[in-house]
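Working notes, structure below.
The values are calculated or read from the model by the stated rules, or taken from the named source; none is laboratory data. Just so we're clear, the structure is a prediction, and the values are computed from it rather than from any experiment. Cβ placement follows ideal geometry from the backbone for every residue including glycine, while neighbour counts extend to all protein chains displayed. For the accessible areas, the whole protein counts, side chains as well, though only heavy atoms, and no ligand, DNA or RNA atoms are used. Shrake-Rupley method; radii C 1.70, N 1.55, O 1.52, S 1.80 Å.
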Amino acid sequence: MVRDGYIYGISLLLVAAVLVWATGGWYWAVAPVLLAAFFLWFFRDPHRDIPAGKGLVVSPGDGVVTETVTIQTPDGQRQRISIFLSVFNVHVNRAPISGVLARVHYQKGLYLNAMNPASAERNEQNAVTVRGQESDEGFEVIFKQIAGLLARRIVFNHTEGETVERGQRVGLIKFGSRVDVILPAVAELRVKVGDRVNGGSSVLAAMPPGDKG
């Protein structure tokens with residue numbers, strides 16, 4: 001359970017108890033108890049088995065793959081995988097590869113529906129560049145935490161220069177959102193549009209052996 005779940009859940013249960021005490025009617029507690037149950041469920045943080053092996057890129061979040069596309073960036077051609085997180089998905093985000101956080105860039109923006117392709121550039125977002133260590137990955141992956149129509153809070157618990165491990169918990173996005181993963185052009189995709197993925201345990205792509213991207 002993410003700490004926020006306990007904060008919201010316990011607070012609402014206390015509100016329910018106060019309402020019952022003040023009014024003498026249990027029915028006043030129904031709404032806050034239901035909300036407490038929702039928050040405790042929403043902020044769940046289940047254990048995940050992290051795949052082993054060099055060159056694997058795991059999903060940073062739970063959801064449905066909505067797009068796999070080749071894009072042009074200032075550094076050349078890349079592949080982008082977009083994953084939509086509904087309000088029913090686990091919203092804990094995880095590192096896609098092991099490496100150093102070379103850049104963490106937060107950008108203010110709009111709150112377009114996360115299914116809208118324009119949300120990838122125009123919505124509030126946090127872009128994280130993970131530079132794989134030579135002894136392990138040896139390539140860069142960028143993943144973006146993108147706010148959606150309902151999501152208004154992006155949480156990232158690390159700073160530039162820190163080292164993370166593949167599948168490590170790094171943050172979350174609250175209440176429906178999107179995560180994008182930007183990969184080297186040579187990466188071999190292991191997912192397609194419509195696939196359901198789990199953060200930390202689902203392999204999105206693999207780098208060809210010996211290729212640094």
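Brief remarks on what is shown
- Dimensionless Rg/Rh of segment 1-43 - Kirkwood Rh, Rg from C-alpha atoms: 1.04
- For P(r) over Cα pairs in 5 Å bins from 0, in percent, the value computed from the atomic coordinates appears in the list (1) 1, 7, 16, 21, 22, 19, 10, 4, 1; (2) 1, 6, 12, 16, 16, 12, 10, 7, 5, 4, 3, 3, 2, 1, 1, 0; (3) 1, 7, 15, 18, 18, 14, 8, 6, 4, 3, 2, 1, 1, 0 under label (3).
- Taking the charge dipole of the chain about its Cα centre, with +1 at Lys and Arg Cβ atoms and -1 at Asp and Glu Cβ atoms, the residue from G132, Y106, W28 reaching farthest to the positive side is W28.
- Over segment 1-49, accessible surface divided per residue gives 69 Å², non-protein components excluded, 1.4 Å probe.
- Taking only protein heavy atoms and a 1.4 Å probe, the accessible area of the chain is 58% carbon and sulfur.
- In the elastic network of the chain, a GNM with C-alpha springs shorter than 10 Å, the most mobile of D180, D62, D49 is D49.
- The chain: relative contact order as a whole-number percent, Cα under 8 Å and 6+ apart: 25 percent
- With Cα atoms, 0 to 90° folded angle of helix 3-23 axis to the chain main axis: 10 degrees
- Whole-Hz ³J(HN,Hα) from phi, Karplus 6.51 cos²θ - 1.76 cosθ + 1.60, for segment 197-205, glycine and proline x: 10, 10, x, x, 10, 8, 7, 8, 7
- Loop trypsin sites (Lys or Arg not before Pro), segment 142-203 (other Cβ atoms within 10 Å of the site Cβ: 14 or fewer; DSSP): R152, R153, K192
- Compared with the dominant principal axis of the Cα atoms in the chain, helix 30-42 is inclined by about 20°.
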